[in-house]
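Each remark here refers to the structure printed beneath this line.
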Amino acid sequence: MARRRQLFEGRAKVIFEGPEPGTLVAHFKDDACSESNGITERKTGTIIGKGVINNRISEYLMTKLSEVGVPTHFVRSLNMREQLVRAVEIIPLKVVVRNVVAGSFAERFGLAEGEALPRSIVELYYKSDQLKDPLVLEEHVTAFGWASPFEIEEMMSLSLRINDFLSGLFMGIGIRLIDFKIEFGRLYESDQMRIVLADEISPDNCRLWDAKTDEKLDLDRFRRDMDKIAEGYQEVARRLGILPENGEPDNPGPRLVK
Ligand code: UDP
């Protein structure tokens, strides 16, 4: 088989050219990375089995979202670590939706982690490693041409719909959706353009707390040097009912490699 052409390598995924025009293959890695945010330092490492679980969780959540009418880039799962997605033009913004105070938000406003917000808050960050993803206003987004007013409106309303749906879905399995980060892309079809959900939704970019104990089941376990990091990811997949049949991914079970 011809070698696939790698187009991009990010922190948690490698993107290859897809088998048909307009498609890409997303390969989920076990690499973990967190940025310093004033609370925790930048940290890299490996969580064995994470890629397999995130591929599955993201497939599941994107499929559920598209069933309720949220357009996504997801096409189909290819294997344990890979999924086929539509090639989109990524909008250079990280859209963060928050329900409960946590992470950098707690720091910024001097609030205690775990406090429920009076209403869900949507924030926009400009995607730039060099600038450390600054928080931006709609003014910056339109002035610098990163997205149009219509596109911002569309991303905002889709984000709130996604939040409502995912909050309910997770609450049904005893998990609180504290906050999450999503990305959107422009999908060009004939002469039409649509904004669709892209990237991934997984415990790498959501804060997920056990509803009874507030136990963290996400990347914060890694960021904050806690134990049982991979077990958190597995627990989310287990409660969603989507762990591979024998309960094991393609290895004896995820563990942190220091
Ligand atoms: N997040 C992410 N990628 C980023 C920044 C944030 O996936 O580059 C997610 C993070 O996991 C959390 C939410 O977005 O679920 C809000 O993160 P926050 O701004 O509090 O930053 P953090 O404390 O994670 O640095």
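The values are calculated or read from the model by the stated rules, or taken from the named source; none is laboratory data. Given the structure is predicted, the values throughout are model-derived calculations rather than measurements. Counting neighbours? That spans all protein chains shown, and the Cβs are built from the backbone with ideal geometry, glycine included. For accessibility, only protein heavy atoms count, side chains too; no ligands or nucleic acids. Shrake-Rupley method; radii C 1.70, N 1.55, O 1.52, S 1.80 Å.
Quick notes
- Accessible surface, the range 55-119, averaged per residue in Å² (probe 1.4 Å): 44 Å²
- Cα centroid of the range 142-173 to Cα centroid of the range 105-119, whole Å: 20 Å
- The charge dipole of the range 38-113, taken about its Cα centre with unit charges on the Cβ atoms of Lys, Arg (+1), Asp and Glu (-1) only, comes to about 120 debye.
- The chain: translational diffusion in µm²/s, Stokes-Einstein, Kirkwood Rh over Cα pairs, 25 °C, 0.890 mPa s: 130 µm²/s
- In the chain, excluding the sites themselves, the longest stretch lacking any of the GluC sites (Glu not before Pro) that are in a DSSP loop with at most 15 other Cβ atoms within 10 Å is 116-214.
- Pairs from the list Lys181/Lys216; Lys181/Lys212; Lys13/Lys181 with a Cα-Cα gap above 18 Å: Lys181/Lys212.
- With R₀ fixed at 22 Å, the C-beta to C-beta distance from Ser157 to Leu137 puts the FRET efficiency at about 0.75.
- Size of charge dipole - the range 136-258 - debye, nearest 20, with Cβ of Lys, Arg +1 and Asp, Glu -1, no other charges: 500 debye
- Size of electric dipole in the chain: Cβ of Lys, Arg +1 and of Asp, Glu -1, about Cα centre, debye, nearest 20: 520 debye
- Estimated 222 nm signal from helices in the chain, with DSSP H stretches of n ≥ 4 weighted -39500 (n - 2.57), rounded to 500: -8500 deg cm²/dmol
- To put it simply, the accessible area of the chain at a 1.4 Å probe is 51 percent carbon and sulfur.
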